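The values are calculated or read from the model by the stated rules, or taken from the named source; none is laboratory data. Note that the coordinates shown come from a computational prediction; the quantities given were computed from them, not determined experimentally. As a convention, Cβ positions derive from the backbone with ideal geometry for all residues, glycine included, and neighbour counts pool all protein chains shown.
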Amino acid sequence: MRNDGFDEFVAGWSARLLRSAYLLTGDRGLAEDLVQDVYERLYVAWPRVADPAAYAHRALTRQAINRWRLRSRRPQESAFGLEHDRPDHRADAATAYHERAVVVAALRALTARQRTVVVLRFFADLSEADAAAAMGCSVGTVKSQTARALARLRTVLPAIDDTHLTPEARS
């Protein structure tokens, strides 16, 4: 079969790519569309792709940036789905809902490029070099955009805890 390994890649990476896409767009439906577009491109290119994860992140980032350019407006507000509706999970679901809403609102306060670098570096857990490759820019640009984004997030979220960040990201 032509797609040897493609199905396994999709199964193993879907949740992670969807989370990144959601954080980039702020909308579950747009995120799902974005990931689907990336999978279509990846399927066509699969025989030539050496590193599917890097290809998928790069394609996801570029697709998100292209959508921002085409729409020339910020993502629309979306409803956050609650995974659990059972009474014993309502408090946890409400907390999760609130945390997601706070994170997405904070990300919306960033420029598109800053949002992209934060998602790639801290949510997709890419290195500076991998984020630069995905964004099509230099490592220096990733570093400067990360610093600006974190500074902006600190003003939007004054209680942000940066103890989990790398030393260069804290400065």
Filter pass, A15 being at pLDDT 90 or above, of a type in the set (G, A, S) and either touching a strand residue (DSSP E or B) at 6+ places or on another chain (Cβ under 7 Å) or surrounded by 11 or more Cβ atoms within 10 Å (Cβ to Cβ) (or both): no
Output the residue which, of all residues in the stretch 98-117 that are touching a residue at least 40 places away in the same chain (Cβ under 8 Å) and buried (at least 21 other Cβ atoms within 10 Å of the Cβ), is farthest from N66 (Cα to Cα). L107
Restricting attention to the stretch 16-29, which residues are within 19 Å of V117 (Cα to Cα) and not hydroxyl-bearing (S, T, Y)? R16, L17, L18, R19, A21, L23, L24, G26, D27
Against the condition under 30 Å from D51 (Cβ atoms), modelled with pLDDT of 80 or more and surrounded by fewer than 16 Cβ atoms within 10 Å (Cβ to Cβ), how does A133 come out, does it pass? no
Selection from the stretch 43-69 of residues outside any helix (DSSP H, G or I) and of a type in the set (A, V, I, L, M) yields V49, A50
